[in-house]
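Scroll down for the structure; my scribbles are underneath it.
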Amino acid sequence: MVYYLRRIGFFLLTLWAAITLNFLIPRIQGGDPAEAIVSRLTGQSQAIDPRQVEAIRLMLGTPDEPLLQQYFDYLGTVVRGEFGVSYSYFPYTVSHMIMETLPWTLVLIGVIQVIAFVTGTLLGTWAAWRRNGAFDSLITTTSSFFGTLPYFWIALLMIYVFAFELGWFPDGGGFAGEETPGWNWGFISSAIYHSILPALSLLITAPIGWIMSQRNTMVQTLGEDYTRLARAKGLSERRIALTYAARNAILPNITGFAISLGGIVGGSILVEQIFNYPGMGRLMFEAIGNRDYPLMQTVFLFTTVGVLTANFLVDMLYGVIDPRVRRGGTN
Amino acid sequence: MAMQEGRTFGLETAAEDLAPEPYDTGKRTRFKVPNGLAIMWANRKSRTGLILLALFVVVGIFAPWIAPYDPRAGIFMPLAPPSGENWLGTTQLGEDVYSQLIYGTRTSLIVGILAGGLATIIGLIIGMIAGYAGGWVDEVLSFFINVFLVIPTLPLMITFAAYSPIKGVTTVIIVIGVTGWAWGARVKRSQMMSLRERDYITAAIFSGEPMWRIVFREILPNMTSLIVAGYIGAAGAAIGAEAGLAFIGVGDPLTISWGTMLYWADNSGALLTGQWGWLIPPGLALALLITALTLVNFGVDAISNPHLREE
Amino acid sequence: MAVLEVKDLNVSYMTKKRPPFHAVKDANLTIDAGEIVGLVGESGSGKSTLGTAVLRLLDPPGTITSGQVIFDGKDITRASEDEIRPLRWAEMSTVFQSSMNALNPVVNIGKQFKDVIEAHTNMTEREIERRTAELLEMVNIDPSFSRFYAHELSGGMKQRVAIALALALQPRFVLLDEPTTGLDVVVQQAILDNVKRIQKEFGFAVLMISHDLGAIMEIADRVAVMYQGQLVDDQPARDLLLRPKHPYSRVLIGSYEDLWQPASGSAAEDASSDASGQPITRAFGGKAPVDIAARHGMDADETRMLGMDDLQAIAEATAQDPAVVRAPAEASAHEAVMVIENISKHYTRRRGLTKTRVDAVSDVSFTLRKGYITALVGQSGSGKTTIGRLITGIEKPDSGSILFGEQRVDQFARRDLKEYRRHVQLVFQDPYSALNPAHTIVHTLTRPLANFMDVSGRAARQRVAEMLEQVGLTPAEQFIDKYPHQLSGGQRQRVVVARALLSEPEIVIADEPTSMLDVTIRAEILEILNRLVRDKGIAMLYITHDLLSARALADEILVLNKGRIVEGGDANQVISEPQHDYTRLLLSSIPNPFAEGLVAD
């Protein structure tokens, strides 16, 4: 019970910290990015909604107002969801752009990460069970190297080999241009087709971390007293491996999964940019290139909140599967 | 070992106590470092890592002598494929890719050493204070650590770097150092907490040792292998982070680094023109350097954990 | 017919880098049906390896290099896992050390019975449930606990579950591997009593491995002694006690004898020793807990299996009895160094959202005197460690006073405490964590000299060398520059004593200084403490759970229960004429190999 309360408390506090960080970062370095944006926007000749100018000022800084005042106004905009207008996607608002791109990222990244975790954990379990065997040696030696290959480099290679040389897959985009977005088969199948290459490039490196950590944790649980006792009981190898060793080993890994979510988002930014995939990562990339500060900041905010929420959900899940947390005991 | 009949048991002097461990050579060693390096060399994985790392360091130091051309000299035909003159081809500005690859070693090494060092130091200070002080200080610092752990690092770094008025390697180093310390802090905090409870620390207090001596002369020496392992890991992560930042376009496009090479390669459509000489080597170099560091860390693990010493 | 035969067994640990380590050499052992055999040896003697090998549970790099293990006539030495599996648990089962971590933490208790029963029988689910309930009731645990998880049970309950589990399939052979190590003396007694009872009822053979000869003697018919990988002695229990054949066995028995002999100079003739002049036999035989319980109006059924919780209850009940404290006669001859009066300390424990108040120490008073050893005896949770912390100033009492000369230790400010440290020194329990692994012996030992006495350099080194010689580490030069990991446990503990004495303290507090050492070394360490403390006129507080070593070493014994002193007085008197029920409970629980009036040779 206390566990859940602590988790919720932490979630709320970190949320607040992330929002505040988002507020502080542009103001730390001095300079006035707001000014740059506003002058660029007004230079666009279109009629600018003064509220949007207001929103930008609130997010990035009004030179005359006291900091604390700016802070509270900023919090207001966050709550109301007014994040201003995007410079690079004028006249669309930042919120609109994020809503458009969010599903793509969620589907690609979310699904892939879960697949990577499951595959990695299974492979790691297998490697640990056949400890020091052929499979295990193979996995441990290659993972050191493969785990260090940069995501984006692999992605580039994949495009080069599979899209250009072999022409099996499209070289980019979320879907074929001629399809109309919506719940029609043409669109969906095209979307799936376009996501295979990015997904594969992620799947090469993503499971590796899970393989190694599951393997190492499980090697440890295999040495625990309760596993020895399970063997003394004459239980089947499978039962010992799964119910005794793996079941205990997976717990710290789930916590690890929660923590790693932050890093995963980083990788996705790169992948999306390379594949020209219409997700939030690419949005961020464009925002950087264009010095589109409102967009950049809000994407940062959203990704952070997303990661926090996912983290929170995993933490809650952990509370369910570890009986020591679910039912705190005497010792 | 047969029991010798007729031996008396009673209050023998302690010299007859159970024999010390098999690998006690009885030599007087005051220093542990030479011993440490020997262990790392004996471990196959870390030996490979050390050799690889040494290679990179040599290339970095002697870059001006190894590289055939000035990496910024745009004297060749732009976007040319590999040839006798330019082993890996040329960039969009007509610079020699191979020379850039050589010089890029320097950037990666410097970023790794400095940014890794910065992150390690920040993590060490915060972790040690949190672990030793306990109480509300620990609660506050731990919360701080957890926040930085949970917030996605790359977006944070990007945001920091984007707002920085100065572009350049220094900014990248600072940004990476300031965002990547949390993991190390957490590890050192828990080690500090467990070491603080050891009896020999209480004994030191009762021997009249002042607090600074306890922290620096009693506790810290027992944390060395952890700190070293953490530093090597942080350096590796920093190298990867720099590449990522450069590739996205947040680093300094004017620096020569493997990450910026890939940035320009991608930007200039190297994919389309099939310039594998520009695309593949930088990525490989990154992977090899980071792998070298990881392998060296196996050796550091072996020093701190004798169980791992037998390969 | 022999249930288990071990013939010329050799077990070695083969590692790639170092030469193989021979843990077990040419072991020969036979266990007949229904026989209880004890295997005693110190740490590193190979006894656990032998037990593991016998069960065919050895993990690489451990391997059986030669010899045979024959179970029930079948050679299982090289049998495959598949061939052995039907035997596992159904014929041979085991109980691990204190079962702290032997139960799967993420699966409930009932399922852990279910999986083993299912694996070996064809019982239906309902039958399995019924059997599990039966087994739990046999060890006095309510069957509804099968839904619980391991972490929700107390230590004593976990141990009982482990025993019930071991008997689930009514095996012919049970291996007990250090089953009572780490448990309180009273709990230990209860568990051994109950194992004896159950064994008599079901008739399985037992191999009990332990470093504690006393515990083994409680239940074993035959005892084998293991030293450096070899079985050096193997005789019926009584015979081993009276006529140990091997020199090592003699040392082992000797160290126990030391503890049971009356301290020289004190009343050697007292009423409780029987006519043959034998050392003291156990008071009240094995029925003490039951009798004491009855006296306090508690349910006292002999056939129930008593666990830690029941004994807690008895301890609580006896805590209400009035204390009996008599100052020893010669005490006044020694000058008082520290006077502790009516100290109390409580803690609030917070679990979840509830708070509970724990009274660690209540109204404790005693005096420490020059050249005089006071023993504070209590089980875990009795408050003895807290008292040590209060005296050293690490914590402050809620009430009462601690007078060191004229100064009130309980009112010291931080700066005073720093000054105070040199007067009170500690000898710790664990020799492996009491010395900083990063520093040489000389470095560690010169610190107090530098800090308190302003002595450094060559003079300091000279003093350190002298002190090392005094604690028996001669020649000092051989030890002075070594690192702790190069010394054995006993040698390390001597260094710890040397460090404590170097600052020339008035008071030395030794908290379980020998409980982590092998039995054969314990006497030596106690002897060093004894000699040095009396020679230098230091006041010593000896904190321990072991009444017997307290008697061997101390002048005065104070028995602690639940934070209160229930009995105090001259060491020998407290042991020979205990007045308080709790003291009697403790005494009755101490495994005494020499019980039942054995006649000396």
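Quick check: net charge around A:LEU13, other residues with Cβ under 13 Å of its Cβ, Lys/Arg +1 and Asp/Glu -1?
Value of the local net charge: +1.
For the protein assembly as shown, the normalised intensity computed at q = 0.05 Å⁻¹ comes to -0.46 (log10 of I(q)/I(0), Debye sum over alpha carbons, equal scatterers, no solvent). Just check segment B:183-227 against the gyration tensor rule for me: Cα atoms, a ≥ b ≥ c as the square roots of the eigenvalues, rounded for a/c under 1.5, and otherwise prolate or oblate depending on whether a/b exceeds b/c. It is prolate, given that a/c is not under 1.5 and a/b is the larger ratio. The relative contact order of segment B:237-311 comes to 23 percent, based on Cα pairs under 8 Å that sit 6 or more residues apart. Over chain C, what portion of Cα pair distances is larger than 35 Å, expressed as a whole percent? Cα-Cα pairs of chain C separated by over 35 Å account for 45 percent. Each principal axis of the Cα cloud of segment C:1-108 was taken in turn, and the coordinate range along them, longest first, works out to 42, 40, 31 Å. Which log10 I(q)/I(0) values, to two decimals, does segment B:110-184 give at q = 0.17 Å⁻¹ under the Debye formula with one point per Cα? Each listed q corresponds, in turn, to -0.66.
Here's the list of lysines a cross-link from C:LYS345 could span, going by alpha-carbon distance under 19 Å and ignoring same-chain residues fewer than 8 apart: C:LYS355, C:LYS384, C:LYS396, C:LYS562.
Apply the a/c threshold of 1.5 to the C-alpha gyration tensor of segment C:481-531 and tell me whether it is rounded, prolate or oblate. Cα axes put segment C:481-531 in the oblate bin. Here segment C:481-582 yields Rg over Rh of 1.01, to two decimals, using C-alpha coordinates and the Kirkwood radius. When the listed pairs B:LYS188/C:LYS111; C:LYS47/C:LYS111; C:LYS47/C:LYS482; C:LYS25/C:LYS74; A:LYS233/C:LYS200 are checked against a 28 Å cut-off, the alpha-carbon distance exceeds it for B:LYS188/C:LYS111; C:LYS47/C:LYS111; C:LYS47/C:LYS482.
Whole-Hz Karplus values for segment B:121-133 come out as 5, 4, x, 5, 4, 5, x, 5, 4, 4, x, 7, 6 Hz, taken residue by residue from phi with 6.51 cos²θ - 1.76 cosθ + 1.60 and θ = phi - 60°; glycine and proline positions read x.
What ranking of C:LYS111, C:LYS16 emerges when the number of other C-beta atoms within 10 Å of each C-beta is taken as an exposure proxy, fewest first?
In increasing order of surrounding Cβ atoms, one gets C:LYS16, C:LYS111.
Taking every C-alpha pair closer than 8 Å and separated by at least 6 residues, the mean separation divided by the residue count of chain B gives a relative contact order of 26 percent. How large is log10 I(q)/I(0) at q = 0.20 Å⁻¹ when the Debye formula is applied to the Cα atoms of segment B:148-295, each weighted equally and without solvent? Log10 of I(q)/I(0), two decimals: -1.17. Compared with the dominant Cα axis of chain C, that is its longest principal axis, helix C:519-536 is turned about 10°. Its DSSP H runs of at least 4 residues, each contributing -39,500 (n - 2.57), put the calculated 222 nm mean residue ellipticity of chain C at -10500 deg cm²/dmol, to the nearest 500. Among C:ARG415, C:ARG461, the order by Cβ neighbours within 10 angstrom, fewest to most, reads C:ARG415, C:ARG461. Look at the dipole of the protein assembly as shown built from charges on Cβ: of A:TYR226, C:VAL361, A:VAL161, the Cα furthest out on the positive end belongs to A:VAL161. Listed from fewest to most Cβ neighbours within 10 Å, the set C:ILE314, B:ILE129 follows the order B:ILE129, C:ILE314. Counting charges near C:GLY371 (Lys, Arg +1; Asp, Glu -1) among other residues having Cβ under 15 Å from its Cβ returns a value of -2.
With N counted as the residues of segment B:211-311, its alpha-carbon radius of gyration over 2.2 N^0.38 Å works out to 1.52.
For segment C:92-170, the Kirkwood estimate of hydrodynamic radius, built from reciprocal distances between every pair of different alpha carbons, is 12.4 Å. Relative to the longest principal axis of the Cα atoms of chain B, the long axis of helix B:169-179 makes an angle of roughly 40 degrees.
Once you sort the root eigenvalues of the Cα gyration tensor of chain B as a ≥ b ≥ c, which label holds: rounded (a/c under 1.5), prolate (a/b larger than b/c) or oblate (the other case)? Oblate shape, in that a/c is at least 1.5 and b/c is the bigger or equal ratio. Placing unit charges on each Cβ (+1 for Lys and Arg, -1 for Asp and Glu) gives segment B:75-187 a dipole about its Cα centre, and among B:TYR163, B:SER83, B:GLN100 the Cα reaching farthest toward its positive end belongs to B:TYR163. Helical content of chain B, expressed as a calculated mean residue ellipticity at 222 nm, amounts to -21000 deg cm²/dmol (DSSP H runs of 4 or more residues, -39,500 (n - 2.57) each, divided by residue number, nearest 500). Rounded to the nearest 20 debye, the dipole size of segment B:2-308 about its Cα centre is 240 debye, using +1 on the Cβ of Lys and Arg and -1 on the Cβ of Asp and Glu.
On a C-alpha basis, how far is the centre of segment C:461-488 from the centre of segment C:325-374 in Å? Whole number, if you could? That distance is 35 Å. DSSP beta bridges fully contained in the protein assembly as shown are about 55 percent antiparallel.
If I fit a long axis through the Cα atoms of helix C:125-138 and take the longest principal axis of the Cα atoms of chain C, what angle between them do I get, 0 to 90°, rounded to 10? With both axes taken from Cα atoms, the answer is about 40 degrees.
Quick note: the coordinates plus some simple rules give every number you see, no bench work behind them. Predicted, not measured: the structure shown is a model, and the values here were computed from it. Cβ coordinates were reconstructed from backbone atoms using ideal geometry, including for glycine residues, and neighbour counts include every protein chain displayed.
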